[in-house]
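One structure below.
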Amino acid sequence: DITERKKNAAELEAKTREAVAARQQLTDAIEALDEGFVLFDADDRLVICNQRFRDLYAPLASALVPGARFEEILRSGLAHGLYPEAKGREDAWLAERLNLHALSDISMEQTLADGRILRVTKRITPNGERIRVEADITDLKKAEQRLVNVIEASEAGVWEWHIDADEHHINDQWALMLGYRRDELDVFTSYENWSNLVHP
């Protein structure tokens, strides 16, 4: 009587189909992202990455394979001269990046050799897996620099007050207009500090 065996085989086949469908659903979802996405397991081995991530790191195509360790991928990037800030201090740079990678959460900017600037965000799941999302922010950074150039050329004083966080940011010209150096006003922590500078 193989009835039970047939039943078990059918259940196993159904679960396999479900697992394959779930993986395909995950793959489709990460491929739909505009950002580069990569997942490393708890042993720091690459599980999956999307095509956008491969495009961002095209010279590393041969290293971006399931099972590759994060350190191996970084070393491949160093060998291809992908990270300009590492030039001449490759070992120290690698140690710094591995230390950053070990942190639970990071958000940083990374400049590549071709001038592109990436915003890198990394999170660690409760299972110890590491998820990295990387976005090309080159155009945004260029626009920011153009704005800085306009502000500096016009000698405009700028004071930003982020009300929700009660954070204040000023530029050198703003401090100069009030007769101060910027470092003398970097202690701005509240609106009260600003109001104390206003004539009665």
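The values are calculated or read from the model by the stated rules, or taken from the named source; none is laboratory data. On a predicted model such as this, the values are computed, not experimentally measured, just so you know. As a convention, Cβ positions derive from the backbone with ideal geometry for all residues, glycine included, and neighbour counts pool all protein chains shown. We work out accessible area using only protein heavy atoms, side chains counted, and drop any ligands, DNA or RNA first. Shrake-Rupley method; radii C 1.70, N 1.55, O 1.52, S 1.80 Å.
Kirkwood Rh over alpha-carbon pairs of the stretch 107-200, then Stokes-Einstein at 37 °C and 0.692 mPa s: what D in µm² s⁻¹, rounded to an integer?
199
Rolling a 1.4 Å sphere over the protein heavy atoms, what is the accessible area per residue of the stretch 52-200, to the nearest Å²?
Numbers: 9440 Å² over 149 residues.
Solvent-accessible surface per residue comes out at 63 Å².
Could you work out which residue, out of PRO66, PRO84, PRO126, moves most in a Gaussian network model of the chain, that is, has the largest mean-square fluctuation with Cα springs under 10 Å?
Per the Cα network of the chain with a 10 Å cutoff, PRO126 tops the list.
At 1.4 Å probe size, with no ligands or nucleic acids counted, give the accessible surface of LYS142 in Å², nearest ten.
Roughly 110 Å² of LYS142 is accessible to a 1.4 Å probe.
If each of ASN99 and ARG17 carries a label point 7 Å out from its Cα toward its Cβ, how far apart are those two points in nm?
Going by the 7 Å Cα→Cβ label model, 5.3 nm.
Using packing as a proxy for protection, rank 87-96, 111-120, 11-20 so that the peptide with the highest average count of other Cβ atoms within 10 Å comes first.
On the way: 87-96: 11.9, 111-120: 14.5, 11-20: 10.0.
Averaged packing, sorted descending, gives the order 111-120, 87-96, 11-20.
For the chain, take every pair of Cα atoms, bin their distances at 10 Å starting from 0, and report each bin as a whole percent.
7, 23, 22, 19, 16, 7, 3, 2, 1, 0
In units of 2.2 N^0.38 Å, what is the alpha-carbon radius of gyration of the stretch 19-74? Provide the component values of the computation, followed by the final result.
On the way: Rg = 11.4 Å, N = 56, 2.2 N^0.38 = 10.2 Å.
That works out to 1.12 for the stretch 19-74.
Which percent of the accessible heavy-atom area of the stretch 7-141 goes to carbon and sulfur, probe 1.4 angstrom? List each step's numbers first, then the result.
Values: 4100 of 7730 Å².
Carbon plus sulfur share of accessible area: 53 percent.
Quick one: pull the percentage of alpha-carbon pairs in the stretch 10-112 with a separation above 17 Å. Working shown, then result.
Working: 3233 of 5253 pairs.
Percentage above 17 Å: 62.
Which value at 222 nm does the chain reach when only helices count, each DSSP H run of 4 or more adding -39,500 (n - 2.57), with the total divided by all residues and rounded to the nearest 500 deg cm²/dmol? Intermediate values should be presented prior to the final figure.
On the way: 8 runs with 90 residues, N = 200.
Here the helix-only value at 222 nm equals -13500 deg cm²/dmol.
Considering only protein heavy atoms, what is the solvent-accessible area of ASP34 at a probe of 1.4 Å, reported in Å² to the nearest 10?
Looks like 130 Å² after rounding.
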